[in-house]
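One structure is given here, and the rest of the page talks about it.
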Amino acid sequence: QKKIFSCWRWDGSQSNRFKQAFCLTKIPSLRKLKDPVSGKRLFLNIFRNVKRLLFLALFAAAFTSVTVSQAFTDSNLPIVIINTDNGVPIIDDPRVMASMKIIFRGEGERNYVTDQNNPLFLNYDGRIDIELRGSSSQDRAKRQYGFTTLMADGLTNNNVELLGLPEENDWILNGMVFDPALLRDYLCYNLSRAIGEYASRTVYCELIVNGDYRGLYLLQEKIKADDNRVDVTKIEKGDNSLPKVTGGYITKADKTTGGDPVAWTMKSWSGATVDFIHELPKPENVTLNQNDYIHNRFTDLEIAAVTGDASFSGGWPSIIDITSFINYMIIAELSSNADSYQYSTFFHQDRNGRLRAGPVWDNDLTFGNDLFFWGYDRSKTNVWQFANGDNEGPSFWRNLFFDDRFRCQLSKRWNELIQPGQPLNPSVLDSFINQTVANISEAVARNDAKWGNTGSFSQRIFELKNFLTDRIPWISGNLGSYGECTGTYIPSLVISAINYHPADSPLYPDNDDMEFIGITNTGNEDVAADGLYFAGTGFVFQFPAGSVIGAGESVFLAGDFAVFRTLNGFMPFGRFSRSLSNKSEDLVLCDAFGNIVDRVQYSDSAPWPDADGNGYYLKLVSEELDNNDPANWIASDAIVTSAAFPESLPDVRFYPNPVRDNLTIENGFAVDRVSVYDIYGRQLTTVYPEDTICLIDMSDLPAGIYLLIIEAGTSVTTGKIIKY
């Protein structure tokens, strides 16, 4: 076995299989292998046969030496117990049926295996289907699992919250089989979220399968389209024309496993092939139009990056959400991820949105760790992984890095994140690692005993910390200056109105159509809005080329053009994709290079004013105040106007109010139009006065509140009329 394994140090690529096969022919006990075909085919057949023998030998050794059951009674971590129906083994395909219980008494409490029959301490008790997951990890004795939570019928998906993670039905039990420190994925996912990107949420647990203790695992979210995961529109088969064909998509650069076909390929800077695979829509569901659309987005990025096109119309700043690409590179390079860019590299795009990098995934070959037993040693402190001569990924990564405008933004962002108190500051990182180690040390000892792991856990953590000690200064010293992108001009635009949950209306059964956002130019100069966009996913809008927001002007983005016009008496500036969250949303208005122009994260709960489905919207009291402070907002039902400082009609009067029959409108000069609307936005009557005084007959209207809009040129006066 030792001789066979010594031949296994090369990777499994086609170019190295001959080396492996030739090595195997030097083993005396294998020289008797016969094959009528000579030459390379002989070597390959030897390789295939011995590969099977090797796996059998390894598995036999593993299950006889290190999988001996050990007493496991309690833990400071949640305990997951899975029992398959009739005790059948869990395989790669098909999934098998099982029952699962999660024992969790609460934070800081100790959990006991004996609690598995006490419903008071069960976070989950129900049906699942489960399979093995991963590719190379399936060659290890400790396995990784993917499972779906099901209803009692064993067929219907059951969206549930597990251990505080947002409800869903697709989950992963990550065994961290290639990570001796058992925290690299956990660290990278948490850091990615800390710097503002979604990454799979994780909870440490200990696992028992069919009565066998399996060690320390991470319960984590699977990457998929969901409001609480990758928040993009779920594209359907019929979405083949604009704007629906624009998203949402989840695509990855990766190796093919499980039979998923390659959608297209791209070249790395050195000419190597990079395979792209559809995640959303699924490969079996993607249409030709959808494939062509998202493929062309990557092609456009590739061309713009190699030509250095940084224009706001067609250049790379108009194609990608720059902040997401920068954040992805920061996590990939901080950790020196040997697989980044080439494998397990996800991208996503929401409908009408920009192409975004992430979420980060599969971060075990990081912080100096690699597949050493296969002869790899690539995670270094002094290399850029996007230019390492091996797993570089598509060429646009390197070309973006060497574009001075992109690199300046990358350097600026990096230097922000390593400041005291920031997520990538060495002291903050050290503290986070220490807290994690304290949480899992007890379970690590059991895990190591189970799988026969040798060496000191504290030494593994020491080496990881030493890696960071060298890596952070190296990155800082090799990124270059960010002086040219400091002091960037930020236009004086303020988010000043948010109608996130309009009241129900019989006229507009889809109340999302009544949503709007107001943006006010508080300055004395016009603002060129070219390249401005709302970053992220969920709420998506990009200002078209040539857009201008006048001094003192408010522009409104609406859920529906016609509905907004009917309700407010003028056309909105644009229409956003999807709808605002009824609970909370982080609205981030950025310039083309990702610099934040304005940011508001509203909520439907205190201390934010109550504008949740009751006919009110959030209105900023003054554009001079901090609009991210809830105290500076009110719940308002006032009529919105396109002027930040409305130019009202002089000396306009309307009386009597309340009114029973005739309403009189009087002004110093003739007005163009007078309109009356009900509270649902329905236009009831419009008159075009020929004099400075006009009458509107309201005698036939039922008692209630009405909206009056009086227009003369660019001036507008609005008011509420009470009819009795």
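Odds and ends about this structure:
- Burial ranking of peptide ranges 216-222, 439-445 (average Cβ count within 10 Å, highest at the top): 216-222, 439-445
- Computed E for THR73/TRP474 - FRET, C-beta separation, R0 45 angstrom, nearest 0.05: 0.45
- Each Lys and Arg adds +1 at its Cβ and each Asp and Glu adds -1 at its Cβ; summed about the Cα centre, the chain shows a dipole of about 4840 debye.
- The relative contact order of the chain, computed from alpha carbon pairs under 8 Å that lie at least 6 residues apart in sequence, is 8 percent.
- Debye intensity ratio in log₁₀ form over the Cα atoms of the range 374-450, taken at each q of 0.19, 0.23, 0.27 Å⁻¹: -0.99, -1.04, -1.12
- Two-site FRET efficiency, LYS282 against GLU624, from Cβ-Cβ distance with R₀ of 35 Å, rounded to 0.05: 0.10
- Residue among ILE721, TRP608, ASN118 farthest towards the positive dipole end of the chain, charges placed on Cβ: ASN118
- Of the solvent-accessible surface of the range 275-356, computed with a 1.4 Å probe over protein heavy atoms with every protein chain present, carbon and sulfur atoms account for 49 percent.
- Euclidean distance between Cα centres, the range 92-158 to the range 274-327, Å: 37 Å
- Remark: the chain carries 44 Å² of accessible area per residue (probe radius 1.4 Å; ligands, DNA and RNA excluded).
- Cross-link pairs beyond the 18 Å C-alpha cut-off, checked among LYS237/LYS282; LYS255/LYS282; LYS142/LYS465: LYS142/LYS465
- Couplings 3J(HN,Hα) of the range 567-575, computed from phi: 7, 10, x, 8, 7, x, 5, x, 10 Hz, in residue order, whole Hz [Karplus 6.51 cos²θ - 1.76 cosθ + 1.60, θ = phi - 60°; x for Gly and Pro].
- Evaluated at q = 0.06, 0.08 Å⁻¹: base-10 log I(q)/I(0), Debye formula over Cα of the chain: -0.46, -0.76
- Whole-percent carbon and sulfur share, accessible surface of the range 70-128, 1.4 Å: 49 percent
- Mean Cβ neighbour count within 10 Å, used as a protection proxy, ranking 544-550, 704-710 highest first: 704-710, 544-550
- Angle in degrees between helix 457-479 and the longest Cα principal axis of the chain, rounded to the nearest 10: 50 degrees
- Principal-axis tilt of helix 288-307 within the chain, Cα atoms, nearest 10 degrees: 90 degrees
- Listed residue (PHE325, LEU365, ASN296) projecting farthest to the positive dipole end of the chain, Cβ model: LEU365
- A cut-off of 5 Å between modelled amide H atoms, ignoring neighbours fewer than 5 places along the same chain, links GLU392 with no other residue.
- Between the listed residues TRP316, PHE386, GLN342, the Cα displaced farthest toward the positive end of the dipole of the range 276-422, a dipole computed from Cβ unit charges relative to the Cα centre, is found at TRP316.
- Taking a ≥ b ≥ c as the square roots of the eigenvalues of the alpha carbon gyration tensor, the range 435-590 is oblate, as a/c is not under 1.5 and a/b does not beat b/c.
- Per-residue [θ]222 nm for the chain (sum of -39500 (n - 2.57) over DSSP H runs n ≥ 4, rounded to 500): -7500 deg cm²/dmol
- Model label points for ASP139 and TYR655, set 7 angstrom from Cα along the Cα-to-Cβ axis, are 9.1 nm apart.
- Packing rank of 469-476, 535-542, where each peptide gets the mean count of other beta carbons within 10 Å, highest leading: 535-542, 469-476
- Dimensionless Rg ratio for the range 371-514, taking C-alpha atoms and the 2.2 N^0.38 Å reference: 1.62
- On the range 145-262, 46 percent of the accessible area sits on carbon and sulfur atoms, based on a 1.4 Å probe.
The values are calculated or read from the model by the stated rules, or taken from the named source; none is laboratory data. Note that the structure is a prediction, hence the values are computed from the model and not measured. Note that we place each Cβ from the backbone using ideal geometry, even for glycine, and neighbour counts take in every protein chain shown. All accessible areas refer to the heavy atoms of the entire protein, side chains included, with ligands and DNA or RNA removed. Shrake-Rupley method; radii C 1.70, N 1.55, O 1.52, S 1.80 Å.
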